[in-house]
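**Q** Take this structure first; my questions come after.
The values are calculated or read from the model by the stated rules, or taken from the named source; none is laboratory data. This one's a predicted model, so the numbers in the text were calculated from it and none came from an experiment. Glycine gets a Cβ as well: all are built from the backbone with ideal geometry, and neighbour counts include every protein chain shown.
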Amino acid sequence: MPSINSNQACHIRWMIRRDLPFVLNIENASFEFPWTEDEFIRCLRQRDCIGMVAERNEDVAGFMIYELHKNRIHILSFAVHPDYRRQGIGRSMVDKLVSKLAYQRRNRIVLEVRETNLDAQLFFRQLGFRATSVLRSFYEDTPEDAFLMQYRAAAETATNEESRRAA
Ligand SMILES: CC(C)(COP(=O)(O)OP(=O)(O)OC[C@H]1O[C@@H](n2cnc3c(N)ncnc32)[C@H](O)[C@@H]1OP(=O)(O)O)[C@@H](O)C(=O)NCCC(=O)NCCS
């Protein structure tokens, strides 16, 4: 499985309420069927639902919303502003999630990707995710299918984590 590393400098932190206008701007520039502000707020109020942003030059350049489950992390929404793409920011945010797998003993990350979203499929594939199933007619807004993509923590990561806990 390819390793996930990034040398690009960006600052990753929890999302706060003040980030929402910037997040909405990225969302609108990235998706044909963007989430509304209400949908973001409703989602982030849920227990175990977490928002992360990546800053570059003090701009909010990307965001990710994910949900914590017992054995997995589910990415619900994720985008990098078009002006900041292909600079390693998406990879840095996924790196951050992968580091949480080792720490929290959740062993996989999952997400649904639209069948037409080839860019995202290539991005996740490059980072070690694999498509594991097709979810037929998954979306309410279009008749397209989704691919379920999954990243599994490497066995050596789990072993290191177990040694660390045992120490
Ligand atoms: C998918 C997305 C988050 C990637 O973010 P990013 O910051 O541009 O990605 P990175 O620069 O970290 O890319 C890491 C690697 O992934 C691959 N990759 C990224 N975008 C790619 C693309 N459009 N086509 C092919 N490969 C791509 C490349 O191998 C890249 O490394 P390289 O630039 O050195 O070749 C961004 O394209 C985006 O916001 N897309 C629109 C929203 C979206 O589709 N979100 C995902 C919903 S499931």
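**Q** What is the number of the single condition among (1) small (Gly, Ala, Ser); (2) farther than 18 Å from ARG13 by Cβ; (3) buried (at least 20 other Cβ atoms within 10 Å of the Cβ) that ALA120 does not meet?
**A** (3)
**Q** Residue check: is LEU111 modelled with pLDDT of 95 or more and either of a type in the set (A, V, I, L, M, F, W, C) or assigned to a strand (DSSP E or B) (or both)?
**A** Taking the combined requirement at face value, the residue satisfies it.
**Q** Here is a follow-up. Any residue at all in segment 55-62 that's in a loop (DSSP other than H, G, I, E, B) and either more than 12 Å from the ligand (Cβ to nearest atom) or among the hydrophobic types (A, V, I, L, M, F, W, C) (or both)?
**A** Yes, the conditions are met somewhere in segment 55-62.
**Q** What is the number of the single condition among (1) free of Cβ contacts under 8 Å to residues at least 24 places away in the same chain; (2) part of a loop (DSSP other than H, G, I, E, B); (3) out of contact with any Ser or Thr (no Cβ under 7 Å at 6 or more places or on another chain) that SER99 does not meet?
**A** (2)
**Q** Does GLU112 meet the test of being more than 22 Å from HIS11 (Cβ to Cβ) and within 15 Å of the ligand (Cβ to nearest atom)?
**A** Spelling it out, GLU112 is indeed more than 22 Å from HIS11 (Cβ to Cβ) and within 15 Å of the ligand (Cβ to nearest atom).
**Q** For residues in segment 123-138 being outside any strand (DSSP E or B) and more than 7 Å from the ligand (Cβ to nearest atom), which is surrounded by the most Cβ atoms within 10 Å (Cβ to Cβ)?
**A** My answer is PHE129.
**Q** Another question, if that's okay. Within segment 63-91, track down each residue that is near the ligand (Cβ under 8 Å from one of its atoms) and among the β-branched types (Val, Ile, Thr). Before you say what the answer is, go through the steps one by one.
**A** So the first thing to find is which residues in segment 63-91 are near the ligand (Cβ under 8 Å from one of its atoms), and the list is 75, 77-82, 84-91.
Result: ILE75, VAL80, ILE89.
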